[in-house]
């Protein structure tokens, strides 16, 4: 049972434009979400997080939006840069089992110059 | 502050052998979690250690085990290796259950 889903395996965007990466979840007990960025042969790098008490969190070019009623979150990158090309994972800590993150399948973002 | 380090970075083993992977967390971090990444299954949680105790365990067979030392460094062991154990093994550390986990570069294990 995939509790965190990223339905788009890949996304291609032009440099300078907005990248929007989507994530859906099924477990209503999730109350915190994280986005990670991963380059090949490296570990995931923490990007940004959001608590369920918020609907938006911003950090520089990265903004995460949370729609609890739709069980949906999205990561916006504006403006997109070629160095943003990587695989992006959304993740949620499993309720009451802190230390266990449930990851989506990832979306590979390609930003073209 | 130094990041999470994992050794070795690459490893090739034969079916039936056992392997030990090591992880040094960020200084001050007491929680260490291990994940397995494969193309087919994505990133899957193996187990978490805190203060030398296994606090949480994923859905993996008993061949996968781990431990944590008093300095928070952690090791994971896989016995009787199978071809399907070929994967990138990632270690992550956090201060505690505050959710932001910081990952190491991983150990790429190939079983032949």
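For the segment B:30-42, counting C-beta atoms of other chains within 10 Å of every residue's C-beta and taking the mean gives 2. For chain A, the share of alpha carbon pairs falling in successive 5 Å distance bins from zero is 2, 13, 24, 25, 20, 10, 5, 1, 0 percent. Across chain B the C-alpha pair distances fall into 5 Å bins from zero in the proportions 2, 13, 25, 26, 19, 10, 4, 1 percent.
Taking beta carbons within 10 Å but only from partner chains, what does the mean come to for residues B:57-63? List each step's numbers first, then the result.
Working: counts 2, 3, 0, 0, 0, 0, 0.
Averaged over the peptide's residues, the number is 1.
Each principal axis of the Cα atoms in the protein assembly as shown has its own extent, and those three values, largest first, are 49, 38, 36 angstrom.
Averaged over A:35-42, how many beta carbons belonging to a partner chain fall within 10 Å of each residue's beta carbon?
What the average comes to for A:35-42 is 3.
Since every read-out is calculated from the coordinates, none of them should be taken as a lab result. As the structure is a computational prediction, the values presented were derived from the model and not from experiment. Here the Cβ is made from the backbone with ideal geometry for all residues, glycine too, and neighbour counts use every protein chain on show.
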